Amino acid sequence: MSITNLLNNWSFYRQKRPYQGQYDLNRQYSEYKWAMALDLDICTGCNACTTACYAENNLPVVGKKRFNQGHVMHWIRIERYWDENMGEFPEQGASFLPMMCQQCEEAPCETVCPVGATSHTNDGLNSQNYHRCVGSRYCSVNCPYKVRYFNFWNYPSTAWPAPLPDQLNPDVTVRTKGIMEKCTFCVQRLNEAKSRARTEYRLVRDGEVVPACVQACPTSAITFGNIVDPKSKVAMMWKNQQVDLYKDMQEKDNSVRGYRILEDLRPFPSVMYLERVRDMEA
Amino acid sequence: MIHRLLATLCFAFLFGTAAGAEPFVQGGPIGSQTPDGYNALGPVVKQPIEFPHYRHARDMGINCMYCHTGARRGYVSVIPRIDKCIGCHQNIESVRNKPRIKKLFEYWDKKQPIPWKKVNDLPDYVRFNHERHIQRFYFRQNRPVREVCGYCHGDVANMTVDRRVKALSMGWCISCHQKDHKESDTNMKTSHGPGECWQCHK
């Protein structure tokens, strides 16, 4: 790419995603593109998704001291936002926002990994390979959502005393010290469903496989599915909310609630949130 | 056939084993070559019963998946339970007094499982799906079962106790995944195996 070429085609390269050629903007996922829709109006902030994630993905409980040091390892966390201008309706309380890896299409973390431990899969997931990771933590710095978690300690030696290792999920590696980790959309479930579907000469059906957080959600606030399939629930929600995966600025009317977090940074996240509806006149 | 016979006789002469000896000699340390030409890449595994794979798979022509039933259904190929062995062997009177079969029935009478040891062992952070490989190459393309299993397990049908003869390393897996495999015998379209980290790494 020469300078003149760059200047002549400035708008093209300005719009270009880092993996052009391999993953271009007009790329069509042929089989799967996993995506999520999360309705904040239904979410009650009960933390069931977090608990389910701890159980499914062998996450260590780090304790109060390390939590305060910021060493906590929750792949999905419930963020609380307090309304400063409570005004005359103080009972409105906090807004909850479950935050997990957004599996960005143009993930900032992928471009900065010095060893290529994090990369994009053909299903549109942002993969993290624990065995290649050297723990530079560059990806965590570059992640706008701060959803990458670093093992500062050798948690397996302390987090699960004697009988507890028996409850670990054998499909997920127990991470050791010096490894970066993050939400995987429960890739072990996705892989199993995919191979089962391939054996039966079909694609994974909508609702056939869900991550642990979706499974545990008591109010069904999270919808998960394959956005390539236009009839899947999640694809219809994205369409109804007029959110397009490959647009950084959505052109939509004000009647819809769908939005993606930090969209203007152009990471093209795969998780759509639906704004909470508040009755301001009650 | 003549070759095979000659080879067997040669081995018998060279290594002092009895004539008609078992076709696979487990061989020496890791990395050495077994007398019948395999690279002994895995350690010698001492099994509780020296299970003669060659007798079942080669001489009797039993499909590998008659005993390893999980291979076509899931991630692990499954080592059969003892009732699988007994199910046949209680009806085969001719070999009942052979030492290995006696040992088998000892376990059966004691109601104990046979403590088989793992031969082709992958690291814990790798998931290998038997189902996809068997479905693709055996059921879809109708390749012979000994060939399909042999891609990763070598010529087990000529072994007594199984020994790991393939590398089973990541580069070795990838070398096959990058090849263009025909989708079926009638279809010239090719495809290769998945190449993403998360397909195999947990």
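The values are calculated or read from the model by the stated rules, or taken from the named source; none is laboratory data. What you see is a predicted model; the values in this text were computed from it and never measured. As a convention, Cβ positions derive from the backbone with ideal geometry for all residues, glycine included, and neighbour counts pool all protein chains shown. Note: accessible area is taken over every heavy atom of the protein model, side chains too, but ligands, DNA and RNA are not part of it. Shrake-Rupley method; radii C 1.70, N 1.55, O 1.52, S 1.80 Å.
Would you please name the residue that is surrounded by the most Cβ atoms within 10 Å (Cβ to Cβ), looking only at residues in the stretch A:166-189 that are under 17 Å from the mean Cα position of the chain (by Cα) and at the interface with chain B (Cβ under 9 Å from one of its Cβ atoms)? Please lay out each step first, then the result.
Step one: list which residues in the stretch A:166-189 are under 17 Å from the mean Cα position of the chain (by Cα), which gives A:180-189.
With at the interface with chain B (Cβ under 9 Å from one of its Cβ atoms) added as a condition, the list becomes A:184, A:187-188.
Values: A:184: 24, A:187: 26, A:188: 20.
For the stretch A:166-189, the residue satisfying everything is A:187.
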Exercise. Within the bounds of the stretch B:147-159, is there any residue that is in contact (Cβ under 8 Å) with a residue 12 or more places away in the chain, open to solvent by 50 Å² or more (accessible area, probe 1.4 Å) and more than 16 Å from residue B:63 (Cα to Cα)?
Worked result: no
Seminar exercise, completed: Among the residues of the stretch B:72-94, the number that are under 16 Å from the mean Cα position of the chain (by Cα) and of a type in the set (Val, Ile, Thr) is 3
Problem set entry | Sole exception among (1) modelled with pLDDT of 95 or more; (2) among the β-branched types (Val, Ile, Thr); (3) in contact with an Asp or Glu (Cβ under 8 Å, 6 or more places away or on another chain) for residue A:214, by number | (3)
Exercise. Looking at (1) in contact with an Asp or Glu (Cβ under 9 Å, 6 or more places away or on another chain); (2) open to solvent by less than 20 Å² (accessible area, probe 1.4 Å); (3) within 10 Å of another protein chain (Cβ to nearest Cβ), which is the one condition that is false for residue A:194?
Worked result: (2)
Seminar exercise, completed: When the stretch B:160-202 is checked residue by residue, the ones that are in contact (Cβ under 8 Å) with a residue 40 or more places away in the chain, touching a His at 6+ places or on another chain (Cβ under 8 Å) and open to solvent by 60 Å² or more (accessible area, probe 1.4 Å) are B:166
Exercise. Out of (1) of a type outside the set (Phe, Trp, Tyr); (2) within 14 Å of chain A (Cβ to nearest Cβ); (3) open to solvent by 70 Å² or more (accessible area, probe 1.4 Å), what's the single condition that is false for residue B:121?
Worked result: (2)
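Name the single residue, out of those in the stretch B:99-118 being open to solvent by 90 Å² or more (accessible area, probe 1.4 Å) and not in a loop (DSSP other than H, G, I, E, B), that is nearest to the other protein chains (Cβ to nearest Cβ).
Narrowing the stretch B:99-118 to residues open to solvent by 90 Å² or more (accessible area, probe 1.4 Å): B:99, B:102, B:106, B:108-111, B:113, B:117-118.
Filter once more, so that each one left must be not in a loop (DSSP other than H, G, I, E, B): B:99, B:102, B:106, B:108-109.
Numbers: B:99: 37, B:102: 36, B:106: 31, B:108: 29, B:109: 31 Å.
So the residue we want is B:108.
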Exercise. Quick check, is residue A:101 part of a loop (DSSP other than H, G, I, E, B), at pLDDT 90 or above and within 30 Å of residue A:30 (Cα to Cα)?
Worked result: yes
Problem set entry | Failed criterion for residue B:127 (all others in (1) within 14 Å of chain A (Cβ to nearest Cβ); (2) within 14 Å of the chain's Cα centre (by Cα); (3) not hydrophobic (A, V, I, L, M, F, W, C) hold) | (2)
Exercise. Looking at the stretch B:77-94, which of its residues are open to solvent by less than 40 Å² (accessible area, probe 1.4 Å) and in a helix (DSSP H, G or I)?
Worked result: B:82, B:85, B:86, B:87, B:89
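Quick check on this structure: which one of A:196, A:202, A:260, A:278 is among the charged types (D, E, K, R), within 24 Å of residue A:120 (Cα to Cα) and in contact (Cβ under 8 Å) with a residue 24 or more places away in the chain? Don't jump to the end; show me each part of the working.
Details: A:196 fails: in contact (Cβ under 8 Å) with a residue 24 or more places away in the chain; A:202 fails: in contact (Cβ under 8 Å) with a residue 24 or more places away in the chain; A:278 fails: within 24 Å of residue A:120 (Cα to Cα).
From the options A:196, A:202, A:260, A:278, the qualifying one is A:260.
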